[in-house]
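Read the structure below first, then the notes.
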Amino acid sequence: MKDIELFKPVLDADEEILKIYKPNKFRTFFGTILVCILVTLLFSLAVIGAFLDPETTIATGIGFIVFIVVFDALAILLIALWYNKTIFAVTNKRILIRTGYIGVDYKGLDYDTVGALTVNVNWVDKILKKNTGTLSFGSMASPMINTANYKFSFVYINNPYEVYREVKAIIDENKLKKDNK
């Protein structure tokens, strides 16, 4: 199915998609695997500490290992489900975000409500050297207060500064057209 077809359920009759963006697959999975490795290391330290106690049984160690394996597998499964459903679009009217784990969720932000755009290239993006980052949109309905949890963000996209310029130009052009009506 073409990416444009994925937005048909939420497009207005006179709305057309101008640009489509997808999260960078490597960056998406690397971040999750990095968290899994850190959690595994922390729990491994707990297991080692537990075995220093003479009352610890082998069953406790096996329980820790099972928990780590299930946690890591579940995290990777969830990010795979999220990645397969996530795509971002810029239309002639608004920003659209399609995402989900089991079902599909859509978010839309009209251009006349967009008050701010930010680009965030964090340390993971920098060490990967994949030219990825996050473009976030702020509005009165969804202000950018907590930088980690924007409601409207194109996460892990390629060329975030270029996408910022493209999207800002589209938003500015749309606002100018609306003001001239």
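Quick note: the coordinates plus some simple rules give every number you see, no bench work behind them. Fair warning: this is a prediction, and the values are worked out from it, not measured in the lab. Because the Cβ atoms are built from the backbone with ideal geometry, glycine has one as well, and the counts that use them run over all protein chains shown.
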Percent RCO, i.e. relative contact order, over the chain, from Cα pairs under 8 Å lying at least 6 residues apart = 21
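Given charges of +1 on the Cβ of Lys and Arg and -1 on the Cβ of Asp and Glu, with all other atoms neutral, how large is the dipole of the chain about its Cα centre, in debye to the nearest 20?
500
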Length gained if E55 through L74 is fully extended, taking 0.36 nm per residue and subtracting the Cα-Cα distance, is 3.8 nm
Full extension between M140 and I20 adds, at 0.36 nm per residue less the Cα distance, a length in nm of 40.7 nm
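Calculate for the chain the 222 nm mean residue ellipticity that helices alone would give, adding -39,500 (n - 2.57) per DSSP H run of length 4 or more and normalising by residue count, nearest 500 deg cm²/dmol.
Details: 4 runs with 81 residues, N = 181.
For the chain, the value works out to -15500 deg cm²/dmol.
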I65 to V10: FRET efficiency via 1/(1 + (r/R0)^6), r the Cβ-Cβ distance, R0 41 Å, to the nearest 0.05?
-> 0.40
Just grab the label-to-label distance for E173 and T99, each label 7 Å out from Cα along the Cβ direction, in nm (one decimal).
-> 2.7
Over all distinct Cα pairs, what is the inverse of the mean 1/r for the chain, reported as the Kirkwood hydrodynamic radius in Å?
-> 18.7
The stretch 9-118: GluC sites (Glu not before Pro) in DSSP loop, at most 12 other beta carbons within 10 Å | E16, E55
Links that overshoot a 26 Å alpha carbon limit, given the list K25/K126; K130/K175; K85/K175; K2/K178 = K130/K175; K85/K175; K2/K178
Over all pairs of distinct alpha carbons, what does the Kirkwood formula give as the hydrodynamic radius of the stretch 1-105, in Å?
-> 16.7
